[in-house]
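The values are calculated or read from the model by the stated rules, or taken from the named source; none is laboratory data. Just so you know, these numbers come straight off a predicted model, no measurement behind them. We place every Cβ from the backbone using ideal geometry, glycine too, and count neighbours over all the protein chains shown.
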Amino acid sequence: MGIKTSVDPGSKWFKKITAKVVLVILGRAFQVLSRKDLSIAREIDQWPEGFKMELNIMPYGPNLIIEKNEGFIYAKNISDKAPDLSVNFKNVESAFMLLTPLMGVPQGFAEHRFVVIGDVAKAMSFTRCLNLILAYLYPDFLCRNLMRNIPEINFLNRMSRRAYFYSLGLILGF
């Protein structure tokens, strides 16, 4: 019986699948809530037509592409042109922590868990939209850990849009 001197690392399949599912949900939420919420729509109106943004998990992980086309946001997995703004998570661990409600964007930025390539003003606009979307998707006790200031949203609007998204928006995408 020989002694094995090296240990092969695991593939982290659970975290990769979870990150992929969260990216799909985030893409659908962006697509649906950009049409339902006026604050998100105003942020997106500032983006140029054909603006393309990519969330990517390096080196081979899943990705999400958000594209503005004819004034609306569409979520995709494949694109034919290079993105205008790219947010690259450094590894699956970082993506898992930032995509699930374990760590917020400010803490992830402070710990250098992702790299932004492109216009920083557009990245900040995306972050404002992301904070609004997370406020719709998560309850307040989770949002307090994710962001510095929870966006002011009317309680009835928040609950009705949350119910709409989880019942129809997630499945149908509109």
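When you check ASN154 against the structure, is it in contact (Cβ under 8 Å) with a residue 12 or more places away in the chain and among the polar types (S, T, N, Q), yes or no? Break it down stepwise before answering.
Numbers: in contact (Cβ under 8 Å) with a residue 12 or more places away in the chain: no; among the polar types (S, T, N, Q): yes.
In short, no.
Within the range 11-29, can one find any residue that is in contact with a Cys (Cβ under 9 Å, 6 or more places away or on another chain) and crowded, with 18+ Cβ neighbours inside 10 Å?
Of the range 11-29, the ones in contact with a Cys (Cβ under 9 Å, 6 or more places away or on another chain) are none.
Checking the range 11-29: not a single residue is in contact with a Cys (Cβ under 9 Å, 6 or more places away or on another chain) and crowded, with 18+ Cβ neighbours inside 10 Å.
Could you say whether any residue in the range 44-64 is aromatic (Phe, Trp, Tyr), surrounded by fewer than 18 Cβ atoms within 10 Å (Cβ to Cβ) and either on the phi < 0 side of the Ramachandran plot or in contact (Cβ under 8 Å) with a residue 12 or more places away in the chain (or both)? Don't jump to the end; show me each part of the working.
Kept after step one, since they are aromatic (Phe, Trp, Tyr), are these residues of the range 44-64: 47, 51, 60.
From what is left, the residues that are surrounded by fewer than 18 Cβ atoms within 10 Å (Cβ to Cβ) are 60.
Okay, now just the ones that are also either on the phi < 0 side of the Ramachandran plot or in contact (Cβ under 8 Å) with a residue 12 or more places away in the chain (or both), so 60.
Within the range 44-64 (the criterion being aromatic (Phe, Trp, Tyr), surrounded by fewer than 18 Cβ atoms within 10 Å (Cβ to Cβ) and either on the phi < 0 side of the Ramachandran plot or in contact (Cβ under 8 Å) with a residue 12 or more places away in the chain (or both)), the answer is yes, since at least one residue qualifies.
Exactly one condition in (1) among the basic types (Lys, Arg); (2) in contact with an Asp or Glu (Cβ under 8 Å, 6 or more places away or on another chain); (3) farther than 21 Å from GLY27 by Cβ is false for ARG128; which is it?
Unmet for ARG128, out of (1) among the basic types (Lys, Arg); (2) in contact with an Asp or Glu (Cβ under 8 Å, 6 or more places away or on another chain); (3) farther than 21 Å from GLY27 by Cβ: (3).
Please go through the range 45-74 and pick out each residue that is out of contact with any strand residue (DSSP E or B) (no Cβ under 7 Å at 6 or more places or on another chain), part of a loop (DSSP other than H, G, I, E, B) and at pLDDT below 90. Lay out the reasoning, then the answer.
Step one: of the range 45-74, the residues out of contact with any strand residue (DSSP E or B) (no Cβ under 7 Å at 6 or more places or on another chain) are 45-46, 48, 59-62, 68-72.
Now drop any that are not part of a loop (DSSP other than H, G, I, E, B), which leaves 46, 48, 59-62, 70-71.
Across the range 45-74, the qualifying residues are PRO59, TYR60, GLY61, PRO62, GLU70, GLY71.
Which residues, counting only those in the range 159-174, are closer than 17 Å to LEU23 by Cα and either polar (S, T, N, Q) or assigned to a helix (DSSP H, G or I) (or both)?
PHE165, TYR166, GLY169, LEU170, ILE171, LEU172 - these are the residues of the range 159-174 that are closer than 17 Å to LEU23 by Cα and either polar (S, T, N, Q) or assigned to a helix (DSSP H, G or I) (or both).
Within the group LEU156, LEU130, which residue is in a helix (DSSP H, G or I) and surrounded by 14 or more Cβ atoms within 10 Å (Cβ to Cβ)? Show your work before the answer.
Details: LEU156 fails: surrounded by 14 or more Cβ atoms within 10 Å (Cβ to Cβ).
Residue meeting the stated conditions: LEU130.
Looking at the range 75-84, is at least one residue part of a loop (DSSP other than H, G, I, E, B), buried (at least 16 other Cβ atoms within 10 Å of the Cβ) and under 17 Å from the mean Cα position of the chain (by Cα)? Full working, then the answer.
Just the residues of the range 75-84 that are part of a loop (DSSP other than H, G, I, E, B), to begin with: 77-84.
With the extra rule that they be buried (at least 16 other Cβ atoms within 10 Å of the Cβ), the set shrinks to 83-84.
Filter again for under 17 Å from the mean Cα position of the chain (by Cα), leaving 83-84.
For the range 75-84, residues part of a loop (DSSP other than H, G, I, E, B), buried (at least 16 other Cβ atoms within 10 Å of the Cβ) and under 17 Å from the mean Cα position of the chain (by Cα): present.
Name the residues in the range 47-62 that are closer than 20 Å to ASP119 by Cβ and either out of contact with any helix residue (DSSP H, G or I) (no Cβ under 7 Å at 6 or more places or on another chain) or of a type in the set (D, E, K, R) (or both), would you? Explain how you work it out, then say what you get.
We begin by selecting, within the range 47-62, every residue closer than 20 Å to ASP119 by Cβ; these are 47-56.
The answer is PRO48, GLU49, GLY50, PHE51, LYS52, GLU54, ASN56.
Mind telling me which of the residues ASP119, ASP140 ends up being under 26 Å from GLU67 (Cβ atoms) and either among the small types (Gly, Ala, Ser) or over 16 Å from the mean Cα position of the chain (by Cα) (or both)? Explain how you work it out, then say what you get.
On the way: ASP140 fails: under 26 Å from GLU67 (Cβ atoms).
Answer to the check: ASP119.
If I ask for residues that are at pLDDT 80 or above and either surrounded by 14 or more Cβ atoms within 10 Å (Cβ to Cβ) or not aliphatic (A, V, I, L, M) (or both), which ones from the range 159-174 would you list?
Of everything in the range 159-174, those that are at pLDDT 80 or above and either surrounded by 14 or more Cβ atoms within 10 Å (Cβ to Cβ) or not aliphatic (A, V, I, L, M) (or both) turn out to be SER160, ARG161, ARG162, TYR164, PHE165, TYR166, SER167.
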